[in-house]
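What follows is a set of notes on a single structure, which appears directly below.
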Amino acid sequence: MATIAAAAANLSAASRLNTRGFFKPLSSIFNSSRFRHSSTNIRALSAIATVGTKSGTDLNENEIKANSQLLACPICHDMLIWNGDPVFSVDATPKSILNCTTCKKAYTSNETHLDLTLTSGSKKYSEYVPASSELFRSPVVSFLYERGWRQAFSIWGGFPGPEKEFEMMKDYLKPAIGGSIIDASCASGLFSRLFAKSGQFSLVVALDFSESMLKQCYDFIKQEDNISQENLILVRADIARLPFASNSIDAVHAGAALHCWPSPSAGVAEISRILRPGGVFVATTYVVDGPYSFIPFLSPLRQNIGQISGSHIFLSDRELKDLCSTCGLVDYTCVRNRRFVMISARKPN
Ligand SMILES: C[S@@+](CC[C@H](N)C(=O)[O-])C[C@H]1O[C@@H](n2cnc3c(N)ncnc32)[C@H](O)[C@@H]1O
């Protein structure tokens, strides 16, 4: 079933490509002396393809079908039957119930998002959540995230900022144009909104584990006039148990998130599972190297920090390359700016 869904998704993505140029050259960013470019293999792209902005109502039947076949039960990875409006949209999802064709579990939603976590619907059972994930479930942190918190990453980490990061990643995302993109660990949706506004994707999924971040993401989407509410959905899910069919998604973006995941390898392995062959993974995080490499016992120290905080500190970009390749991804590239790193890799064809 998943293979059929992937084939339909790929076919529909391909059928949506046209030849109008979209992406600006990245040379201005990459040539900047602030960026140390350690790419081993940035893919050469022979044709620049793009799609015009399409509203959901312009989507053809195949495209609607392809989108509906992407969601899968996080328990058994089988298809979810959707009782709602056939066109995915911010407004349609909250009124929907999804039923797993195999384990029969029903997944519901609140006003803002679909809950596709394993524990969705549980009444008594609750689980320990590591501090790095729990922190972002706080409504205060969710409120502050785009009101100063994210901006601080530029000061201490060298993060270029959402608009520049979006420009930087466009080149990597070219093979996914016209297809589906998941903004994994989207927080308040700063990149999900940019993906949706670009009109370049048949489906944008804003995904996070934090309910309050998704609520904030929903509020921001509703406040902006120029975001199409169609082909955009908000999903609560755990990165280590993604509710998507295997080999089905064209691109996954994870901004400033890898270090927050309880297990980066479990997250990247799941991303690798759901990407279609040739699908792209783009992520940003930070690396503590350079002068910090000389701190004695840094490696065991990060083990202890990790155990307390639930977050992961990367000590070199080689670690990130290793992480991607052990999870089945190839053609790793990376761009550095101080502690900031943007990586890309893809699933082999
Ligand atoms: C620092 S924020 C990154 C937000 C945004 N992508 C950006 O570029 O600024 C990290 C996000 O990871 C999310 N997160 C933490 N644990 C997660 C998990 N297990 N599954 C999915 N998301 C998780 C948090 O809720 C938080 O919104």
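Collect the residues in segment 118-128 that are touching a residue at least 40 places away in the same chain (Cβ under 8 Å) and either surrounded by fewer than 18 Cβ atoms within 10 Å (Cβ to Cβ) or of a type in the set (Phe, Trp, Tyr) (or both), keeping them in residue-number order.
The answer is Leu118, and nothing else.
Which members of segment 191-215 meet the condition of being assigned to a helix (DSSP H, G or I) and out of contact with any Cys (no Cβ under 9 Å at 6 or more places or on another chain)?
Taking segment 191-215 and keeping what is assigned to a helix (DSSP H, G or I), we get 191-198, 211-215.
Scanning segment 191-215 gives Phe191, Leu194, Phe195, Ala196, Lys197, Ser198, Glu211, Ser212, Lys215.
Suppose we filter segment 216-230 for residues that are more than 12 Å from the ligand (Cβ to nearest atom) and either under 15 Å from the mean Cα position of the chain (by Cα) or not in a loop (DSSP other than H, G, I, E, B) (or both); how many remain? So that I can check it myself, show each step before the final result.
Let us first name the residues in segment 216-230 that are more than 12 Å from the ligand (Cβ to nearest atom), namely 218-230.
So of that shortlist, the ones also either under 15 Å from the mean Cα position of the chain (by Cα) or not in a loop (DSSP other than H, G, I, E, B) (or both) come out as 218-223, 230.
Total satisfying the criteria: 7.
Output yes when any residue across segment 134-148 is among the small types (Gly, Ala, Ser) and closer than 21 Å to Ser344 by Cα, and no when none is.
Looking only at segment 134-148, we keep the residues that are among the small types (Gly, Ala, Ser), and these are 138, 142, 148.
Now restrict to residues that are closer than 21 Å to Ser344 by Cα: none.
Checking segment 134-148: not a single residue is among the small types (Gly, Ala, Ser) and closer than 21 Å to Ser344 by Cα.
So which residues in segment 186-215 are away from the ligand (no atom under 14 Å from the Cβ) and closer than 22 Å to Asn110 by Cβ, if there are any at all?
Step one: of segment 186-215, the residues away from the ligand (no atom under 14 Å from the Cβ) are 196-203.
Residues satisfying the conditions are Ala196, Leu203.
Filtering segment 174-185 down to residues that are in contact with a strand residue (DSSP E or B) (Cβ under 6 Å, 6 or more places away or on another chain) and assigned to a loop (DSSP other than H, G, I, E, B), which residue is nearest to the ligand (Cβ to nearest atom)?
Ser185
Please work out if Asp225 is out of contact with any Gly (no Cβ under 8 Å at 6 or more places or on another chain) and at pLDDT below 95. Lay out the reasoning, then the answer.
On the way: out of contact with any Gly (no Cβ under 8 Å at 6 or more places or on another chain): yes; at pLDDT below 95: yes.
Considered against the rule, which asks whether it is out of contact with any Gly (no Cβ under 8 Å at 6 or more places or on another chain) and at pLDDT below 95, Asp225 comes out as yes.
Pairs only if they're at least six apart or on different chains, beta carbon under 9 angstrom, first in segment 305-332 and of a type in the set (Val, Ile, Thr), second in a loop (DSSP other than H, G, I, E, B) and surrounded by fewer than 18 Cβ atoms within 10 Å (Cβ to Cβ); list them, first residue then second.
Here the result reads Ile313/Val288; Val330/Asn41; Val330/Pro348, each pair linking segment 305-332 to a residue that is in a loop (DSSP other than H, G, I, E, B) and surrounded by fewer than 18 Cβ atoms within 10 Å (Cβ to Cβ).
Residues checked against (1) within 16 Å of the ligand (Cβ to nearest atom); (2) in a helix (DSSP H, G or I); (3) of a type in the set (Gly, Ala, Ser):
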position: Asn99; (1), (2), (3): no, no, no
position: Thr102; (1), (2), (3): no, no, no
position: Gly121; (1), (2), (3): no, no, yes
position: Tyr145; (1), (2), (3): yes, yes, no
position: Phe159; (1), (2), (3): yes, no, no
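For segment 126-143, what are the residues that are away from the ligand (no atom under 11 Å from the Cβ), in a loop (DSSP other than H, G, I, E, B) and modelled with pLDDT of 95 or more?
Residues of segment 126-143 away from the ligand (no atom under 11 Å from the Cβ): 126-128, 139-140, 143.
From the residues that got through so far, the ones that are in a loop (DSSP other than H, G, I, E, B) too are 126-128.
Within segment 126-143, no residue meets the criteria.
Go through (1) within 9 Å of the ligand (Cβ to nearest atom); (2) of a type in the set (Asp, Glu); (3) within 22 Å of Gly278 (Cβ to Cβ) for Asp171 and report which single condition fails.
Answer for Asp171: the failing condition is (1).
Which residues, counting only those in segment 67-97, are surrounded by 17 or more Cβ atoms within 10 Å (Cβ to Cβ), free of Cβ contacts under 8 Å to residues at least 60 places away in the same chain and assigned to a helix (DSSP H, G or I)?
Ser68, Pro94
For segment 104-113, check the following and say yes or no: at least one residue is among the hydroxyl-bearing types (Ser, Thr, Tyr), over 24 Å from the mean Cα position of the chain (by Cα) and modelled with pLDDT under 90.
Step one: of segment 104-113, the residues among the hydroxyl-bearing types (Ser, Thr, Tyr) are 107-109, 112.
From the residues that got through so far, the ones that are over 24 Å from the mean Cα position of the chain (by Cα) too are none.
No, the conditions are met nowhere in segment 104-113.
So which residues in segment 241-290 are near the ligand (Cβ under 10 Å from one of its atoms), of a type in the set (A, V, I, L, M) and within 25 Å of Arg193 (Cβ to Cβ)?
Leu242, Ala254, Ala256, Ala257, Leu258, Ala283
Could you please give the count of residues in segment 236-285 that are touching an Asp or Glu at 6+ places or on another chain (Cβ under 8 Å), among the aliphatic types (A, V, I, L, M) and surrounded by fewer than 24 Cβ atoms within 10 Å (Cβ to Cβ)?
The number of residues fulfilling the criteria is 1.
The values are calculated or read from the model by the stated rules, or taken from the named source; none is laboratory data. As the structure is a prediction and not an experimental result, all values here were calculated from the model. Neighbour counts are summed over all protein chains in view; Cβ atoms, including those assigned to glycine, are modelled from backbone coordinates with ideal geometry.
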